[in-house]
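Below: one structure, written as structure tokens.
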Amino acid sequence: MPSDRSPEIGSTVSIQKQIFNTLLEKLKAQGYEVVGPHVENETLVYAPIQKLEDLPRGYVTEQEAGSFRLVYTGHTRYFDVIPGAQSWKQFLFPSHANLFTLKKTDGAWEMETPRPTAPAYAFIGVRGCELAAIQIQDNAFLRSDFTDPIYRVTREKAFILAVNCMHPAGTCFCASMGTGPRVQGDADLTLTELEDVFLLNVGSELGRNILAGLPFESASAFVLNAANRGLERATLQMGRNMDTSDLPDLILNNLDHPHWRAIGERCLSCANCTQVCPTCFCWDATDTLSLDGNQTRRERVWDSCFNPGYSYQAGGNTRPTIHSRYRQWMSHKLGTWKVQYGTFGCTGCGRCITWCPAAIDITVEVADLRKEIR
Amino acid sequence: MTHHKPSLAVYKFSSCDGCQLSILNMEDELLDIAGALDIAYFLEATRAERPGPYDIAIVEGSITTPHEAERIREIRRQSKVLIALGTCATSGGVQALRNFTDAKAYANTVYDHPEFLHYLDTATPIAEHVPVDMELWGCPVNKGQVLEVISALLNNRRPNLPAYSVCLECKRRGTICVLVDKGIPCIGPATQAGCGAICPANGRGCYGCFGPTRSTNLDSLTNILTKLERTPGETVRLFRGISGYAPAFRETADVLLKESK
């Protein structure tokens with residue numbers, strides 16, 4: 001029987017798919033700006049969504065190294081699309097942010113720091129690899145000794161509805177990195193889509209409140225079994241695999257291996273991998289000075305270790321060659337990140353593989369390096 | 001203020017005027033510019049001209065006639081700082097397409113009396129004729145970059161101009177990569193940022209009007225693009241576009257042509 005009580009935290013309930021619209025309405029009524037996967041200009045983006053029908057029902061993504069295609073197959077599932085180039089990073093760590101303005105009046109400089117503001121976002125459809133990526137950026141931006149005020153103001157207010165992945169794409173390897181296909185981290189709600197119902201696992205008081213009063217049923221053993229079987233199947237369907245057993249030593253002990261130069265011959269140094277990576281957090285500060293020299297504005301913008309200006313300092317660029325920049329990036333993701341933060345900087349989402357115009361595949365490069373050393 | 005305002009001269013050579021227009025288009029900042037600089041020569045803005053020497057000369061266009069080749073030398077003599085403005089001035093521009101063909105044959109086809117024409121066989125950037133202090137690329141230039149350069153000169157600092165590729169501008173504005181997503185040939189990975197990634201944002205590939213980046217891998221990009229060709233020779237035409245006479249793009253197209261023969 002449908003229930004109008006609130007479910008317990010930790011429990012899993014099932015709802016009819018159309019009821020999801022009520023859930024979205026409740027989020028909006030509570031002041032959330034609801035964003036999720038959406039088809040726009042014939043491709044997949046994260047954008048504001050109003051109703052269930054705004055989700056990419058019937059679409060799948062075909063992803064291979066250097067290639068992404070959004071394909072309509074007409075299936076009836078709303079959450080079957082593996083994400084594209086965009087990630088939740090664009091909301092939590094926006095590509096442009098005003099840091100401060102300096103004004104000179106009567107010979108004295110005055111600093112104006114804008115108070116960071118952001119809407120309360122409800123992220124709909126956060127994958128396991130993406131939730132892991134948010135937690136990795138938390139480690140960088142929400143440290144005990146320092147927090148980034150721009151990141152914090154968005155992150156603390158965000159409502160996260162995560163989604164278990166039933167049909168991974170060709171460049172996915174979250175199973176290797178331990179971040180999916182089953183959502184591992186803390187989400188307010190975690191959704192599993194079956195043919196006729198959504199299962200929702202309640203992860204927080206916020207998630208419990210959103211479900212309160214909605215017609216839900218507790219999930220039967222039958223549907224829970226179906227979900228588990230689907231996730232077990234998904235684990236076996238990963239398009240890529242990364243052996244992490246000898247990382248980070250494999251990389252950190254072989255920084256002078258000729259394989260890096262071989263990668264450098266293909267790498268465009270275009271920075272695409274870092275920009276689509278949901279954990280990459282590098283930024284540059286740019287100043288815009290008025291003509292009279294009495295006012296300057298400092299802005300934070302996304303930067304990349306592949307940019308020639310990134311490692312430029314007095315005397316020149318510390319990483320002047322393309323291969324040295326690729327090595328810096330990969331050895332950070334799979335090597336020094338672990339030393340720095342205790343986890344890898346890679347969640348196995350596969351974006352750097354799909355969105356590299358030169359089709360450089362981090363899983364293949366690691367495997368090749370290992371092969372060449374043996 | 002006791003110190004004198006630096007004088008500015010803006011010149012046009014073979015070009016469409018679009019880059020000078022980018023200066024005039026700075027409607028919100030134009031009064032500030034006029035306040036900070038003494039506009040001594042800028043025919044597109046005012047008929048009033050004052051003789052040199054000038055503190056700053058901004059030069060639009062490429063050198064395509066014997067007269068222009070003379071005139072740029074005189075302008076250099078009259079200017080403390082000379083800025084080449086736009087892709088015509090920095091690489092020859094679209095009229096440099098003549099450098100890959102026989103200009104005379106075209107002149108004979110187009111004009112009844114080609115003997116009245118006085119032109120050079122090539123269209124060349126300003127820096128091939130006189131020393132240039134700064135180059136600003138773009139077809140047209142980004143007016144924000146023009147303002148940045150003027151501000152830097154006035155405040156005695158280095159201008160803050162991007163050295164990275166158009167790819168970064170696509171990602172910052174949330175544009176999905178047209179090359180990976182749609183298989184559209186795009187030379188954005190090898191092109192200097194500055195335009196704000198206008199073409200990819202409108203579903204087209206970048207055709208490199210801001211010129212090659214300083215650090216790029218054209219061999220690898222060429223391998224990718226030749227596999228995406230929709231018509232034979234598309235990659236050569238892509239590199240031989242508005243910035244086609246820029247050395248990095250020119251050599252890439254030359255190598256491709258040689259290989260295809």
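Just so it is clear, none of the values below were taken in a lab; they were calculated from the coordinates. Just so it is clear, the model here is predicted, and its values are computed rather than measured. Positions of Cβ are generated from backbone atoms using ideal geometry, with glycine treated the same way; all protein chains shown enter the neighbour counts.
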| note | Calc'd 3J(HN,Hα), the stretch B:218-223, phi into Karplus 6.51 cos²θ - 1.76 cosθ + 1.60 (θ = phi - 60°), Hz, glycine/Pro = x, comes to 6, 4, 5, 4, 4, 4
| remark: In chain B the DSSP beta bridges are antiparallel at a rate, in percent to nearest 5, of 20
| request: Once you have a ≥ b ≥ c as the square roots of the Cα gyration tensor eigenvalues for the protein assembly as shown, tell me rounded if a/c is under 1.5, and otherwise prolate or oblate according to whether a/b is larger than b/c. | output: prolate
| request: Kindly provide the pair-distance distribution of the stretch B:166-260 built from C-alpha pairs, with 5 Å bins from 0 and whole-percent values in order of increasing distance. | output: 3, 15, 28, 26, 19, 8, 2, 0
| task | Could you list which residues have their amide H under 5 Å from that of A:PHE216, counting only those 5 or more apart in sequence or on another chain, with H placed in the peptide plane? | result | A:SER3
| remark: Shape call for chain B, from the Cα gyration tensor axes a ≥ b ≥ c (a/c under 1.5 means rounded, otherwise prolate when a/b beats b/c, else oblate), comes out oblate
| query | What residue among A:ASN98, A:ASN241, A:ASN164 has the largest mean-square fluctuation in a Gaussian network model of chain A, using Cα springs under 10 Å? | reply | A:ASN98
| said: Helix-only estimate, please: 222 nm mean residue ellipticity of chain A, summing -39500 (n - 2.57) across DSSP H runs of length 4 or more and dividing by its residues, to the nearest 500. | reply: -8000 deg cm²/dmol
| Of B:GLU115, B:GLU68, B:GLU29, which is the most mobile in a GNM of chain B whose springs link Cα atoms less than 10 angstrom apart? | B:GLU115
| task | Express as a percent, rounded to the nearest 5, the fraction of DSSP beta bridges in the protein assembly as shown (both residues included) that run antiparallel. | result | 65
| Of A:PRO181, A:PRO149, A:PRO114, which is the most mobile in a GNM of chain A whose springs link Cα atoms less than 10 angstrom apart? | A:PRO114
| Eligible aspartates and glutamates near B:LYS5 by straight Cα distance, threshold 17 Å, same-chain separation 8 or greater | A:ASP292, B:GLU29, B:ASP32, B:ASP38, B:GLU49, B:ASP55
| note | Free-by-geometry Cys in chain A, Cβ-Cβ under 4.7 Å as pairing rule, reported as A:CYS165, A:CYS172, A:CYS267, A:CYS282, A:CYS305, A:CYS346, A:CYS356
| remark: Cα-based Debye curve of the stretch A:8-95 sampled at q = 0.19, 0.20, 0.23 Å⁻¹ gives log₁₀ I(q)/I(0) of -1.00, -1.07, -1.23
| task | Once you have a ≥ b ≥ c as the square roots of the Cα gyration tensor eigenvalues for chain A, tell me rounded if a/c is under 1.5, and otherwise prolate or oblate according to whether a/b is larger than b/c. | result | oblate
